[in-house]
Amino acid sequence: MSLEALDHVWFWVADMDRAVAFYTDVLGLRLVRRDGDEWAEFQAGGSRLALHGAGPGSVPGGTVVFRVNDLTAARAGLEARGVSFDHAGEVDRYASYATFRDPFGNGLQLIEYAEVAR
């Protein structure tokens, strides 16, 4: 067996309306499915990102990485929409990245690959 591609990643969220607003209005993802407060699914390039309504004992977790062509411009665009980045770094001659969180504490990251890594 081999994994061919990322199908989707999902997060627990305590407020589905607020979460959907963040992922559509701030990140610009297209909502492709919504089942009330239980599930929302977004198209993110060739992958999908989903949100699952939180129940008792649910805790935020996970990190989703979004590839960008220009990390500086992408970061500036999100900062203009109120996003605060909590970490940035570089993997020598491979990629640069910047990490931030959604309103529920889930980890998100932007990554720009170096030309040699492409």
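Just so you know, all these numbers are worked out from the coordinates, no wet-lab data involved. Owing to the predicted nature of the structure, the values given are computational and were not obtained by experimental measurement. Virtual Cβ from ideal backbone geometry, glycine too; neighbours counted across all protein chains shown.
Brief remarks follow.
- GNM result for the chain, Cα springs below 10 Å: residue of 63, 72, 99 fluctuating most strongly: 72
- Filtered chymotrypsin sites (Phe, Trp or Tyr not before Pro), region 30-118: DSSP coil and at most 13 other beta carbons within 10 Å: 94
- Taking each residue as 0.36 nm, the span from residue 101 to residue 15 lengthens on full extension beyond its C-alpha to C-alpha distance by 29.4 nm.
- Distance between the pseudo-spin-label points of residue 24 and residue 63 (7 Å out from Cα toward the beta carbon): 2.9 nm.
- On the basis of the beta-carbon distance and an R0 of 35 Å, residue 8 and residue 92 show a calculated FRET efficiency of 0.70.
- Surface/4 estimate of mean projected area, convex hull on alpha-carbon atoms of the chain, nm²: 8.7 nm²
- Of all DSSP beta bridges in the chain, antiparallel share, percent nearest 5: 70 percent
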